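Worksheet: the structure to be examined is printed underneath.
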Amino acid sequence: YCGMVAIIGRPNVGKSTLINRLLGQKVSITSKKPQTTRHRIMGIHTDGPKQIVFIDTPGLHIEEQRAINRLMNRAAASSLADVSMVIFVVDGMTWTADDEMVLSKLRRGGEERQTILAINKVDNIKDKESLFPYLEEVAKKYPFDEILPISASKGTNVQRILELAAASI
Ligand code: GDP
Ligand code: MG
């Protein structure tokens, strides 16, 4: 059996790096330049009898004033409709208006799917305890099923994400 898992977040938080790490191969394009990923990129991870389709979902941070943005947003939001789990990726210690925008799209969706918050780039944070006030703050924003500090580039806690993804299916 199989299911879909969406990776959402504003540009440059490490979505493409994470999907590559989850899949163990380079299927998505990563770059320092924001918005390199213009299309949904998928990859399939096989876990015993389970197949997990990961979807890299850019564009949910875009404001909807312009018709083209509404269209792009709808395409991104539609990929949230049938997923068993959403991975909301944010940058360790920096919460921006774009993150807030992504969160507002997440709030529109179904409550029955698993939602995890992946706080990425923790390898950049020397003093791990400095993360705690941030964690407390973001935990109030949405009833996340799990909040995980991760490093997509180093692989920290990526295995845990795979376990949660498989369990959600
Ligand atoms: P996306 O726009 O969300 O898909 O972000 P990318 O995956 O393209 O990554 C944006 C930048 O952040 C790239 O320069 C990555 O190398 C860097 N990056 C991604 N994950 C990590 C991480 O865990 N730690 C650090 N230090 N840098 C990361
Ligand atoms: Mg990307």
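Read-outs throughout are calculated quantities, based only on the coordinates presented, and are distinct from any laboratory measurement. This one's a predicted model, so the numbers in the text were calculated from it and none came from an experiment. Quick reminder, even Gly has a Cβ in these numbers, built from the backbone with ideal geometry, and neighbours come from all protein chains shown.
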Report, by residue number, each residue of region 4-23 that is within 18 Å of residue 106 (Cβ to Cβ) and either in a loop (DSSP other than H, G, I, E, B) or near ligand 1 (Cβ under 6 Å from one of its atoms) (or both).
9, 10, 11, 13, 14, 15
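Residue by residue, here is whether (1) in contact (Cβ under 8 Å) with a residue 60 or more places away in the chain; (2) within 14 Å of ligand 1 (Cβ to nearest atom); (3) not β-branched (Val, Ile, Thr) holds:
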position	(1), (2), (3)
56	no, yes, yes
61	no, yes, yes
70	no, no, yes
84	yes, no, yes
87	yes, yes, no
136	no, no, yes
145	no, no, yes
150	yes, yes, no
153	yes, yes, yes
